[in-house]
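A.B. asks: Handing you this structure, nothing more for now.
The values are calculated or read from the model by the stated rules, or taken from the named source; none is laboratory data. Computed from a predicted model, the values in this text were never measured in an experiment. As a convention, Cβ positions derive from the backbone with ideal geometry for all residues, glycine included, and neighbour counts pool all protein chains shown. Side chains are part of the model used for accessible areas, which takes the heavy atoms of the whole protein and leaves out ligands, DNA and RNA. Shrake-Rupley method; radii C 1.70, N 1.55, O 1.52, S 1.80 Å.
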Protein chains: 2
Amino acid sequence: MSSQNPAEDIAKAAKAAFEASQLIPPSERVKALYAIRAELETAKEDVLAANRKDLQAAQLEVDAGRMSSALLKRLDLTKGDKWDSMLQGITDVAKLPDPTGKVSYASELDDELELYRVSCPIGVLLVIFEARPEVVVNIAALAIKSGNAAILKGGKESNETAQLVSKAIQAALSKTSIPSTYIQAIQTRAEVSALLQLDRYIDLVIPRGSNSLVRNIQNSTRIPVMGHADGLCSVYLDESADLQKAVRVVLDSKTDYPAACNAAETLVVHESLLPTIWPAVAKALLAADVQLLCDPPTLFALSSLSPPPANLSTHVHPSTPGSYSTEHLNLTLSVTAQPSLAAAIQFINSHSSHHTDSIVTEDQHAASAFCRGVDSAGTFVNASTRFADGFRYGFGTEVGISTGRIHARGPVGLEGLVTYKYMLRSKGETGHIAGEFGSGEGKKQYKHKKIIADAAPF
Amino acid sequence: MSSQNPAEDIAKAAKAAFEASQLIPPSERVKALYAIRAELETAKEDVLAANRKDLQAAQLEVDAGRMSSALLKRLDLTKGDKWDSMLQGITDVAKLPDPTGKVSYASELDDELELYRVSCPIGVLLVIFEARPEVVVNIAALAIKSGNAAILKGGKESNETAQLVSKAIQAALSKTSIPSTYIQAIQTRAEVSALLQLDRYIDLVIPRGSNSLVRNIQNSTRIPVMGHADGLCSVYLDESADLQKAVRVVLDSKTDYPAACNAAETLVVHESLLPTIWPAVAKALLAADVQLLCDPPTLFALSSLSPPPANLSTHVHPSTPGSYSTEHLNLTLSVTAQPSLAAAIQFINSHSSHHTDSIVTEDQHAASAFCRGVDSAGTFVNASTRFADGFRYGFGTEVGISTGRIHARGPVGLEGLVTYKYMLRSKGETGHIAGEFGSGEGKKQYKHKKIIADAAPF
C-alpha cells in the first residue's frame, strides 16, 4: 500500500480509518479512551524517561540562549500533578455527552418522507500545536470522542515524549475495533507541508499558535482552517462606568494571567472619565506593576496625580500607533481616550483581533450597542475578558479559542469538531420521487411538518 | 477616502457599512427589502432595456459559436414570469424569520453572570455566481435579510442588466438608514482577484459554479470559502432492493432534471441483482433515452435482454475508469456492480463528490449502515437524490448547495449566512472577575446552570 509519498500514505490511512470508524458504534470510541488511559498508565515510566530526554535537550538550548525557560517548563511532564491531570482529562472527555448523532432539524416533507439533520464527525483533522506533550493526549481524546480521525503535529521540542505517547495511543486503539491509524503523529514541518496539499483526504486543519503560523497555513492550503491565534482583547470604560467595577474588571483582565490570549492588551477610556475614573484605574494598575502606554490625553491626565505613584516615571510612557495592535502578553497595557461610545466601538473594531472585548457601564443602551456593534467572538458587560474560555463557558473541554468567524467562533468545545449530514428516509410503498411534486395538476405539495426528535430513527 | 487600490476602497466601504448596520434594528433590513422591490418596479423598463442589450451581445456570441444557447436563455429576464418571480422572491425572503439574534446556548456561570450565544451576521460576503441577472437580486436579498454586507460578481454576460439592478438596489438602500455601500456590484475578474487578498475586510467567499472555479478561489485566498460546486450523486441498489422503488428512484434521480447538481450520475448495483432488478431498471432507463456506461458485469447482464431494447446498441457502452468521476449533467449514467454493501459504500466514498447519495433497500440495517457510512451531505433511503434542495427541505430559500463540510453543508438556507457571538453580562454589584474563581480556599465555583431563552436580554 505504500507509495512514493509518505504523507499521502498517512493521509490515505487516516481517511480509510475514518470511513471504517463510521460503521462502528460510538460506544467503541469511549472504550478506546479508557484503553488509552490504561495503556499510558502502563507506559508511564517509559514516557517519563523520554520526557527527560526532551528536557535535557531543551536545557542545552536554554543554556545556549536559543530557548526560553518558559518553553522548557511547558515541556515538563514530570512536574506536580501534570501526569495525573493528563490522565484525568481522558476520563473527563470520555464522560462528556456524545456530540454526534444529535438531530438539529427534522421535518416531514411528505407522508412517510422524513428529513433529519444529524450531527456527525467532520472527517480527518490535521492538528498543529505547541510543544506541550500532554496536548497530544488531549487532542487525541477530543478527536476520538467526536468521531474524527486525526493527524497530530506537536512542537519538535517534545518529539521524544510525543512519539511514545502516540505509540501508547496506537497500542490502545489496536485493542479496539477502531483502526490504529485513526490517530497518527507526525514529526516534521515537511510532512505538514505535504499534508496541506491533500485536500482530498484531509477535511480540516486546526493550527494553534501565533497569528503568523495561522496565516502561513491559510496561505498554503485549500483545506478549511480553524485558526487558534492571538488575542488582542480590550476593555472600554464607558461614560457611565462604575468606579469599583472599572478597577476590578480592568485589573483582572490585565493581570489575572497576562500570557493568556484572553488577557486585555488595550484600555479604551471615555474622554469624560479622564479626570475621574481613569486616574483611579491607573493607580491600581501601577500598584500591580503594570506598564502603561498612553496616548496624549490619557498621559496628560496622569501628570497631576497626587500623590504621584512611586513608579509613575518608570511605568507610564507615550504610546505609538503600533501599541494598539500589539499583543503584549505581559504586564503592559495600551491606553487610549475616545470621545464617544461610537468612536470606542470603531476603535475596537479596527484594532482588536475580534477575540473578546468588554464594556464597563451602568447604561443598558450602551451595553446593548457595544455588544451588537463590537464585531468580536465575545462581547462582555462588566465582566473580565478572562472569562472567555471553554471550561468557564461550561463546555467541559476546550479544543481552543477559534479566531475564525465561521463554523466555530470563540471558545470551541466538542461541538466545534462535528458537522452534520441530512438523512432522508422514505417509508412509502413505492419510495419517493421529486417528479411527483410541483404546481401542475395532480402534483403533490410539500408538507414541511416539524418532527420532534433528538436522534434519527436509523 | 479613495486610495490607489479601488478594490480596497470597495472592501473598506463594505466593512464600514457592515459595522454601521450592526447598530441599526433588524426591522430596517426588512424595510430595505421592500424598498428594493419598489425601486425595481420603478426601474423595470430601464432594466429590461439593459437586459436586451446583454441579450443582443450574447446572440452575437451564440451566432459566432462562442456561447451556448442555454446560457443565452438563462440571461433573459423578459421571458415568462421571470421578472415577477424575481420580485416575489424579495417579498418571500423579507417574510422569512430573522436568522439573527437567536440564542443557541445560554448558561448562568455564576449568580448574576449570564452567558448567551447569539446568532449574528458573518460580516462582509464576496459572492461570485453565474450569469443569471435575477441572482443579483436574490443574493442581495439573502445578504440583507441575514445582516451581511455583500460584494457581488455575476457572469460578465449579464453586466448591463446587473449594473442597473444594483443601481436600483443602492437607490433603495439610500432611502433607509442602511449605508448604500452595504450591497456593491463589481464587474471584472481583476477586482475579484484583488478582493481575494483583502482578508482584513472580507469574511467569507461564496463561489457558485464549477469545481474548477471553487478550487481556483480556494487556491488564491486566505478568506474562508463556502463552495457551491459540482454534484456527483449516486444511487445504490442494495441486495434487498424493491423492484418498483428501484425503477422509480433511479429514473427520477437521473431524468427529472439532468442538468441539476442533485441529479444522479452513477448507479451502483449489488451483484446479486445483475440477473433480476438491474435489467428491469436498464430497460426503463433506455426507454427514457438514457445512455448507459457500464462496467463488464453490468454490460454482460444486458447482453441477453429479451426482447432487446431498440436503442441497446446506440445507448449501452463500456465505461472507463473516468466515467465514475464524471458529472455528466445530461442523460448519461455510469453503472457499476459491487459485491457487497461495504464495497458499495467504499466505491461511493472514493468516487462521489460527497453531495447526495441514495440507497434503495428493504433492509433497515443496510439503510442505517449506508446513511452512516456514506460520507456525503445527504444520505437518502428509497428517495430520489433530487430532493436535495433548500426549498424542498423547507428552508424557504436557498443560498446554494454547499459542497464544503464545515459551517454549512448541503442545501444552505439563511442559517448558513450567520455565525454567532458570545455575550456575557454581569448584573452583580461589583462586576465579575475571573480571579475570584478556582479551587483554592474562598474561591467561587462555576454554576453552569442552563438558562431557557430564545433571545438575549440585551
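A.B. asks: Can you find a residue in segment B:275-282 that is in contact with an Asp or Glu (Cβ under 9 Å, 6 or more places away or on another chain), touching a residue at least 12 places away in the same chain (Cβ under 8 Å) and among the small types (Gly, Ala, Ser)?
C.D. replies: Taking every residue of segment B:275-282 in turn, none turns out to be in contact with an Asp or Glu (Cβ under 9 Å, 6 or more places away or on another chain), touching a residue at least 12 places away in the same chain (Cβ under 8 Å) and among the small types (Gly, Ala, Ser).
A.B. asks: Another question, if that's okay. Looking at B:306, B:220, B:234, B:212, which one is at pLDDT 95 or above and of a type in the set (Gly, Ala, Ser)?
C.D. replies: Residue meeting the stated conditions: B:234.
A.B. asks: Identify all residues within segment A:235-289 that are among the aliphatic types (A, V, I, L, M), open to solvent by less than 50 Å² (accessible area, probe 1.4 Å) and under 30 Å from residue A:71 (Cα atoms); write none if there are none.
C.D. replies: A:235, A:249, A:250, A:251, A:260, A:263, A:264, A:267, A:285, A:286, A:288 - these are the residues of segment A:235-289 that are among the aliphatic types (A, V, I, L, M), open to solvent by less than 50 Å² (accessible area, probe 1.4 Å) and under 30 Å from residue A:71 (Cα atoms).
A.B. asks: Could I ask something else about it? Check A:194, A:241, A:171, A:185 and return the single one that is under 30 Å from residue A:274 (Cβ atoms) and at pLDDT 90 or above. If you could, list the steps in order and put the result at the bottom.
C.D. replies: Values: A:194 fails: under 30 Å from residue A:274 (Cβ atoms); A:171 fails: under 30 Å from residue A:274 (Cβ atoms); A:185 fails: under 30 Å from residue A:274 (Cβ atoms).
Result: A:241 is the single residue among A:194, A:241, A:171, A:185 that is under 30 Å from residue A:274 (Cβ atoms) and at pLDDT 90 or above.
A.B. asks: For segment A:310-351, give me each residue that is within 14 Å of chain B (Cβ to nearest Cβ) and within 19 Å of residue A:275 (Cα to Cα).
C.D. replies: Matches in segment A:310-351: A:340, A:341, A:344.
A.B. asks: Just checking, how many residues over segment B:232-261 are closer than 30 Å to residue B:211 by Cβ, in a loop (DSSP other than H, G, I, E, B) and facing another protein chain (nearest Cβ under 9 Å)?
C.D. replies: As a first pass, look at segment B:232-261 and keep what is closer than 30 Å to residue B:211 by Cβ: B:232-238, B:246, B:248-261.
The next check asks that each one be in a loop (DSSP other than H, G, I, E, B); those that pass are B:232, B:238, B:256-261.
After this cut, where a residue has to be facing another protein chain (nearest Cβ under 9 Å) as well, the list is B:256-257.
Of the residues in segment B:232-261, 2 are closer than 30 Å to residue B:211 by Cβ, in a loop (DSSP other than H, G, I, E, B) and facing another protein chain (nearest Cβ under 9 Å).
A.B. asks: Taking residue A:150, is it part of a helix (DSSP H, G or I) and on the phi < 0 side of the Ramachandran plot?
C.D. replies: In short, no.
A.B. asks: Further question on the same structure: Has segment B:8-31 got at least one residue that is more than 28 Å from residue A:350 (Cβ to Cβ) and away from chain A (no Cβ under 14 Å)?
C.D. replies: Yes, segment B:8-31 contains at least one residue that is more than 28 Å from residue A:350 (Cβ to Cβ) and away from chain A (no Cβ under 14 Å).
A.B. asks: Could I ask something else about it? For segment B:310-321, indicate whether the set of residues that are in contact with a Lys or Arg (Cβ under 8 Å, 6 or more places away or on another chain) and either surrounded by fewer than 19 Cβ atoms within 10 Å (Cβ to Cβ) or on the phi > 0 side of the Ramachandran plot (or both) is non-empty.
C.D. replies: There is no residue in segment B:310-321 that is in contact with a Lys or Arg (Cβ under 8 Å, 6 or more places away or on another chain) and either surrounded by fewer than 19 Cβ atoms within 10 Å (Cβ to Cβ) or on the phi > 0 side of the Ramachandran plot (or both).
A.B. asks: Just for segment B:118-135: of the residues that are of a type outside the set (A, V, I, L, M, F, W, C) and outside any loop (DSSP other than H, G, I, E, B), which one is farthest from residue B:414 (Cα to Cα)?
C.D. replies: B:133
A.B. asks: May I ask you to verify whether residue A:72 is over 25 Å from the mean Cα position of the chain (by Cα), surrounded by 17 or more Cβ atoms within 10 Å (Cβ to Cβ) and touching a residue at least 12 places away in the same chain (Cβ under 8 Å)?
C.D. replies: Working: over 25 Å from the mean Cα position of the chain (by Cα): no; surrounded by 17 or more Cβ atoms within 10 Å (Cβ to Cβ): yes; touching a residue at least 12 places away in the same chain (Cβ under 8 Å): yes.
So residue A:72 fails the test.
A.B. asks: Also: In the set A:50, A:64, A:70, A:58, which member is assigned by TED's automatic domain parsing to the domain that holds residue A:134 and under 14 Å from residue A:162 (Cα atoms)?
C.D. replies: After applying the criteria, what remains is A:50.
A.B. asks: Is it true that residue A:208 is without any contact (Cβ under 8 Å) to a residue 24 or more places away in the chain and either touching a helix residue (DSSP H, G or I) at 6+ places or on another chain (Cβ under 7 Å) or outside the structural domain of residue A:384 (by TED's automatic domain parsing) (or both)?
C.D. replies: On the way: without any contact (Cβ under 8 Å) to a residue 24 or more places away in the chain: no; either touching a helix residue (DSSP H, G or I) at 6+ places or on another chain (Cβ under 7 Å) or outside the structural domain of residue A:384 (by TED's automatic domain parsing) (or both): yes.
It is false that residue A:208 is without any contact (Cβ under 8 Å) to a residue 24 or more places away in the chain and either touching a helix residue (DSSP H, G or I) at 6+ places or on another chain (Cβ under 7 Å) or outside the structural domain of residue A:384 (by TED's automatic domain parsing) (or both).
A.B. asks: Here's a check for you: in segment A:352-374, which residue that is under 18 Å from residue A:325 (Cβ atoms) and either surrounded by fewer than 24 Cβ atoms within 10 Å (Cβ to Cβ) or over 21 Å from the mean Cα position of the chain (by Cα) (or both) is nearest to the other protein chains (Cβ to nearest Cβ)?
C.D. replies: Quick first cut of segment A:352-374, residues under 18 Å from residue A:325 (Cβ atoms) only: A:352-357, A:374.
Keeping just the survivors that are either surrounded by fewer than 24 Cβ atoms within 10 Å (Cβ to Cβ) or over 21 Å from the mean Cα position of the chain (by Cα) (or both) gives A:352-354.
Values: A:352: 12, A:353: 11, A:354: 9 Å.
Only one residue tops the list, namely A:354.
A.B. asks: Since residue B:201 meets every condition but one in (1) within 20 Å of residue B:328 (Cα to Cα); (2) in contact with an Asp or Glu (Cβ under 9 Å, 6 or more places away or on another chain); (3) among the hydroxyl-bearing types (Ser, Thr, Tyr), which condition does it not meet?
C.D. replies: (1)
A.B. asks: Another question, if that's okay. Count, please, the residues in segment B:22-49 that happen to be open to solvent by less than 10 Å² (accessible area, probe 1.4 Å) and not β-branched (Val, Ile, Thr).
C.D. replies: The number of residues fulfilling the criteria is 3.
Rundown of residues vs (1) touching a residue at least 60 places away in the same chain (Cβ under 8 Å); (2) under 28 Å from residue A:142 (Cα atoms), yes/no style:
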| site | (1), (2) |
| --- | --- |
| A:40 | yes, yes |
| A:43 | yes, yes |
| A:51 | yes, yes |
| A:59 | no, no |
| A:80 | no, yes |
| A:85 | no, yes |
| A:99 | yes, yes |
| A:109 | yes, no |
| A:112 | yes, no |
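A.B. asks: Kindly establish whether residue A:392 is in contact (Cβ under 8 Å) with a residue 40 or more places away in the chain and within 10 Å of another protein chain (Cβ to nearest Cβ).
C.D. replies: no
A.B. asks: Considering only residues of segment A:200-231 that are more than 17 Å from residue A:153 (Cβ to Cβ) and surrounded by fewer than 16 Cβ atoms within 10 Å (Cβ to Cβ), which is farthest from the other protein chains (Cβ to nearest Cβ)?
C.D. replies: A:211
A.B. asks: Could you list all residues from segment B:399-437 that are more than 10 Å from every other protein chain (Cβ to nearest Cβ), open to solvent by less than 40 Å² (accessible area, probe 1.4 Å) and part of a loop (DSSP other than H, G, I, E, B)?
C.D. replies: Passing the criteria: only B:399.
A.B. asks: Going through A:103, A:136, A:118 one at a time, which residue ends up being in contact with a strand residue (DSSP E or B) (Cβ under 7 Å, 6 or more places away or on another chain), hydrophobic (A, V, I, L, M, F, W, C) and open to solvent by 20 Å² or more (accessible area, probe 1.4 Å)? Can you show your working first?
C.D. replies: Values: A:136 fails: open to solvent by 20 Å² or more (accessible area, probe 1.4 Å); A:118 fails: open to solvent by 20 Å² or more (accessible area, probe 1.4 Å).
Exactly one of A:103, A:136, A:118 is in contact with a strand residue (DSSP E or B) (Cβ under 7 Å, 6 or more places away or on another chain), hydrophobic (A, V, I, L, M, F, W, C) and open to solvent by 20 Å² or more (accessible area, probe 1.4 Å), namely A:103.
A.B. asks: Can you name the condition, by its number, that residue B:379 falls short on among (1) without any contact (Cβ under 8 Å) to a residue 40 or more places away in the chain; (2) more than 7 Å from chain A (Cβ to nearest Cβ); (3) within 25 Å of residue B:328 (Cβ to Cβ)?
C.D. replies: Only one criterion is unmet by residue B:379, namely (2).
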